[in-house]
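J.: I have a structure I would like to understand better, so I am pasting it below and will then ask my questions one at a time.
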Amino acid sequence: MKNLEVKYLGLTLNNPIIVSSSPFTSNIDSLLRCEEAGAGAVVLKSIFEEQVIGETEFMSRYDDYPEAGDYLKHHLSDSYLTTHLTLISEAKKRLSIPVIASINCSTDKEWISYAKRNEEAGADALELNIVIIPTSADAKSSDIERQYLDIVSKITAQINIPVSVKLFSKFTNILNIVKELHNRNIKGVVMFNKIIESDININTRELVASPSMSNSSELCNSLRTISLCSAEVDNIDIAVSTGVHTGEDAIKALLAGAKCVQICSTISANGFDVINNMKQFISDWMVSNTHTSIDQFCGTLSCKGSENNEIIQRVQYLKYFQQ
Ligand SMILES: Cc1cc2nc3c(=O)[nH]c(=O)nc-3n(C[C@H](O)[C@H](O)[C@H](O)COP(=O)(O)O)c2cc1C
């Protein structure tokens, strides 16, 4: 197999396939399986801000929502913090690949100091999964973006390990938010978090969650943005998440400018063997294209935004809809 080494967040990965934050990275046995199967790194299952804040504080926030409270009460207790920190230190002891901790958050409140404890437990990097879902017409996009920036400023001020942010794709100008994150010492972005959209059951007339697993076609939603972002924001490392299922998908992401890919659904559908199959596919493709390293082709399809580019995009759109 070809040398598939890449750098991500300043860490050296022996290949660009990362197992994303998911049930596959929630316990030590499964993490060991990720490494045995050939993953380049792992992102641990996220701990939620609500779990860090603790039951009493959290429950008072949700007093008026008994259904949400009942569900979440079950998942909140002090033992989660110990279990989470132990998983980080245990993973660092037993795995030789980089271990990235993950926190799911939406505010810059009391939980922030917990990030330092992830660093002390030995995490090589921290991925922040910032989830702010606007539901009010009065919430201004600029205020929501400020919330993202306030969170990361507080985190990067207090820890020394590299920090990345896993983003949703729905920003008015995602390129600007990535640039602002980078200005606040964020080393990488994960594009993108999978949105669990709503479906509707027409018999019960209820909103129900859409499927949580992705398929390959979802990757097309991100490639143009990745390609623009990798050219527009210097020195930010992009990891692609959502819709990477095959070696071909991984190569598309790398060509667009990603440094690595994160996978979850494809492991669920195809088992851990998919990691080696993807690596073999990338290696074979590199042989047929006479590449000796991933660096040689990574980002060759990134494209800088410009007025010219905007016109081309607009014309393509016109061509498509004038048929
Ligand atoms: C059951 C399940 C649990 C997940 N838990 C987390 C999590 O704790 N933190 C996180 O950042 N992403 C979580 N994810 C999202 C995945 O990391 C990933 O971003 C998403 O599944 C899209 O990637 P894929 O197309 O490879 O599945 C979860 C996904 C699934 C299906």
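J.: Output the qualifying pairs, or none if there are none: Cβ atoms under 9 angstrom, residues six or more apart or on different chains, first residue in the range 24-35 and acidic (Asp, Glu), second residue buried (at least 17 other Cβ atoms within 10 Å of the Cβ).
T.: Pairs that qualify, where the first residue is acidic (Asp, Glu) and the partner is buried (at least 17 other Cβ atoms within 10 Å of the Cβ), are Glu35/Val42; Glu35/Leu95; Glu35/Ile97.
J.: Just the residues that are part of a loop (DSSP other than H, G, I, E, B) and of a type in the set (Gly, Ala, Ser), please, taken from the range 151-171. First the steps, then the outcome.
T.: Quick first cut of the range 151-171, residues part of a loop (DSSP other than H, G, I, E, B) only: 159-162, 168-171.
Listed by number, the list holds a single entry, Ser169.
Yes or no, residue by residue, for (1) in contact (Cβ under 8 Å) with a residue 40 or more places away in the chain; (2) touching a Ser or Thr at 6+ places or on another chain (Cβ under 9 Å); (3) not hydroxyl-bearing (Ser, Thr, Tyr):
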residue: Val240; (1), (2), (3): yes, yes, yes
residue: Val244; (1), (2), (3): no, yes, yes
residue: Ile267; (1), (2), (3): yes, yes, yes
residue: Ser293; (1), (2), (3): yes, no, no
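J.: If the Cβ limit is 7 Å and pairs must be 6+ apart or interchain, which residue in the range 132-159 that is on the phi > 0 side of the Ramachandran plot pairs with which residue that is assigned to a helix (DSSP H, G or I) and surrounded by 15 or more Cβ atoms within 10 Å (Cβ to Cβ)?
T.: Final answer for the pair search is none.
J.: On to the next question. Would you check if Glu310 is within 16 Å of the ligand (Cβ to nearest atom), of a type in the set (Asp, Glu) and either closer than 30 Å to Ile133 by Cβ or in contact with an Asp or Glu (Cβ under 6 Å, 6 or more places away or on another chain) (or both)? Please lay out each step first, then the result.
T.: Details: within 16 Å of the ligand (Cβ to nearest atom): no; of a type in the set (Asp, Glu): yes; either closer than 30 Å to Ile133 by Cβ or in contact with an Asp or Glu (Cβ under 6 Å, 6 or more places away or on another chain) (or both): yes.
Answer is no for this residue.
J.: Is it the case that Val178 is touching a Cys at 6+ places or on another chain (Cβ under 6 Å) and modelled with pLDDT of 95 or more?
T.: yes
The values are calculated or read from the model by the stated rules, or taken from the named source; none is laboratory data. Owing to the predicted nature of the structure, the values given are computational and were not obtained by experimental measurement. Cβ sites come from the backbone with ideal geometry, for glycine too, and all protein chains shown count toward neighbours.
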